[in-house]
Structure formats: structure tokens, C-alpha cells
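The values are calculated or read from the model by the stated rules, or taken from the named source; none is laboratory data. Note that the structure is a prediction, hence the values are computed from the model and not measured. Every residue, glycine as well, gets a Cβ built from its backbone with ideal geometry; the counts of neighbours run over all protein chains shown.
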Amino acid sequence: MNICKIGVMGVGSMGFNHVRILSSETTLFQLVGIYDPDGARAEKVANQFSVKAFPSAQALLTEVDAVVIAVPSSLHHEVAIEAANRGVHALVEKPLALQPKDGQEIASAFSNAGCVMAVGHVERFNPVVRELVKILRHEHILAIEARRYSPFNGRITDADVVQDMMIHDIDLVCNVLLPGQNATLQAAGGFCHCSDRLDYVQALLAFGNGGVATLGASRVTQNKVREIIVHTDTSYIAADLLNRALTVTQNTNFVVYEGQEHAYRQDSVTQRVFVPMQEPLREELCAFYQRINGTGEQIAGAVDANYALDLCDQISRAAIAHH
């Protein structure tokens, strides 16, 4: 098994976690080093994990086979194109870019370079989602509700709530749970005093097969919620992505102790599905390694990432127009 020499660009909250995992996955990766424009932060992380802090992105790219791009979203286009031009595989954190045209340019650059470009839609690797996908293989989906809410923290300043948060559920619904279905949409949302970008949005998607999905995202809500509800013709399936809980409720109309004095009717039964303990980001990085080596189909590629990005743009525009 070939060891992949890899670096991390941007060691903020998400980039730090990439460094943490990559420094321990020594059978797949050799973490060559990191780069962050904040020199003090780069040195602190480099010292913590005993890796080299490079003085520039270009210097890091000359030493690696692959790179994780976890810089602010507004810099993805510039940094990703640089990686492609140097023949370096890249895992770009979501969103791939802030504008659909930039996402397409990134995809074209990697295609022309013959390099792998994957996008960090990490919720695909949430063990709850993986188990949900298995269950839905045998179900006919009627409707999906996805809710993703958080209190305001000010960490993301260059993307709106659709690009920052809802994009996870757009990818899951449109690329994983209902793939290949053209969607029409309506959306509404608004701003609050915390930001000059959309902070809360509700979207309704209608699919060609008759299915519908409602997506809600807010970064100014007092409670943290990560939930997907799926209505099928036989089941009500609730997936709590935050607490890693998955339940399936079905109507039984079953009489218990039938014919006896203490008989009663059981209208429904709820089953709790076992969810294995897996770290989604670790699973994603392993899938990135596999993609570099020709497999790793579950990780998001250019087509899925750009479709999600295009839907993000449509939803944001619709929400602003409705405001």
C-alpha cells in the first residue's frame, strides 16, 4: 500500500481536525506539513502535532501528493486552482466555491490535470446517514424533512447559511437519498443583526418522481439541531445526526393478547436501529485515499459538489428575492 504524502492548508477549526486525524493515520498518509496565513496559529498547530509549518501555500504544494484545502471558502478557487496546476490531488472543504462558475472552473482544472478532486461533504460519512441509506434501499420515499439549526458563533463570515449549513442537507437529499431527480424549488429567509448575509432559510424542493423535501437551516437559533425525517409508504424514519440516533416507526394495527380480557391494540411499533461508532471525518479521509487509488465511490466528486453548489445559489437567490 502506497503512503500518500499530504498537507493541510488552513488550520482553523476544521483544518485542525484534519491535522489531528492525518497525523494518526500513518498507514495511509504521511502528513508532510501545514500552511496557514496566520503564522502564529500555524506554528502552534505544527508544534502540537510535530509537523512542519510551511511559509507559503506554494512551498507546501511542492512537497506533497495531495492536500486538504480548509482555508476560508472565499479562497477555495484560488488555492484549489494552484493545487491543480501543480498536479496535486485535493480534498476541498465544502462548499467547493462560493459561486457556481468558480466551482466549474475548479472541476475543469483538476480534470485537465488528471488529478483527483473531492469535496468535504462529511455528513455522507455520518454513521447515522450510512444506516439510513441502507434502510431506504427498500423504501419508497414520499417526503423528507431536514433541519439544521445552530446558535450564532461568528466563525463563518464569507458564506451565507445556505452555503455554510444547508448545503450538507442539499447534498444528502439531492445526491444521496434522491439522486438523479431534477428539483424545482421555492425558498424564503432573512437576515438578523449578526450578519449581512442570509442567516435563516426555509426551502421547499419538488422532485420529478413526486417526492418533496423541506430544508430548514439557521445559524441564529438557540438550540443545535441536526435532524432528517423521512416519510415512506411504510415507515416514519427519524435520524438524529447530532446524537447519532436512528428510529423506524411502522403502523402495525396489531392486537396483542387477542381474544383475552386484557387484549389491546398496538397501533405502531418503533425500532431503534444500531448505529456504529465511527468518526465521519476519519472515514472521509480514508475514502479520499481510496479515491486517489481508484475507488472510494462514496466521497463527493465534482459533479455532485457542483450540483449542490448550483442549488445553493438558486435557494439563496429565491430567499433574497422573497425577503
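Quick rundown of the values:
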item	result
Single unsatisfied condition, GLY87 versus (1) in contact with a Gly (Cβ under 6 Å, 6 or more places away or on another chain); (2) assigned to a loop (DSSP other than H, G, I, E, B); (3) more than 26 Å from LEU311 (Cβ to Cβ)	(1)
Single residue of the stretch 128-154 satisfying the filter (touching a residue at least 40 places away in the same chain (Cβ under 8 Å) and part of a loop (DSSP other than H, G, I, E, B)) that is nearest to MET166 (Cα to Cα)	SER150
Top-ranked residue of the stretch 81-117 - restricted to ones that are within 13 Å of the chain's Cα centre (by Cα) and farther than 26 Å from VAL275 by Cα, ranked as surrounded by the fewest Cβ atoms within 10 Å (Cβ to Cβ)	LEU91
The stretch 1-49, subset assigned to a loop (DSSP other than H, G, I, E, B) and among the small types (Gly, Ala, Ser), residue farthest from ARG155 (Cα to Cα)	SER24
Considering residues of the stretch 195-217 that are surrounded by fewer than 18 Cβ atoms within 10 Å (Cβ to Cβ) and in a loop (DSSP other than H, G, I, E, B) only, the residue modelled with the lowest pLDDT	SER195
Pairs where the first residue, in the stretch 107-123, is in contact (Cβ under 8 Å) with a residue 12 or more places away in the chain and the second is basic (Lys, Arg), C-beta under 8 Å, 6+ apart	VAL116/ARG291; ALA118/ARG291; VAL119/LYS94; GLY120/LYS94; HIS121/LYS94; VAL122/LYS94
Members of the stretch 133-161 that are under 23 Å from ALA238 (Cβ atoms) and either touching a helix residue (DSSP H, G or I) at 6+ places or on another chain (Cβ under 8 Å) or charged (D, E, K, R) (or both)	VAL133, LYS134, LEU136, ARG137, GLU139, ILE141, ILE144, GLU145, ALA146, ARG147, ARG148, SER150
Verdict on ARG137 being among the basic types (Lys, Arg) and either modelled with pLDDT of 95 or more or surrounded by 24 or more Cβ atoms within 10 Å (Cβ to Cβ) (or both)	no
The stretch 20-40, residues that are surrounded by fewer than 23 Cβ atoms within 10 Å (Cβ to Cβ) and of a type in the set (Val, Ile, Thr)	ILE21, THR26, THR27, VAL32
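Per-residue answers, yes or no, for (1) over 20 Å from the mean Cα position of the chain (by Cα); (2) modelled with pLDDT under 90; (3) closer than 30 Å to HIS77 by Cα:
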position	(1), (2), (3)
ILE228	no, no, no
GLN250	yes, yes, no
GLU284	no, no, yes
PHE288	no, no, yes
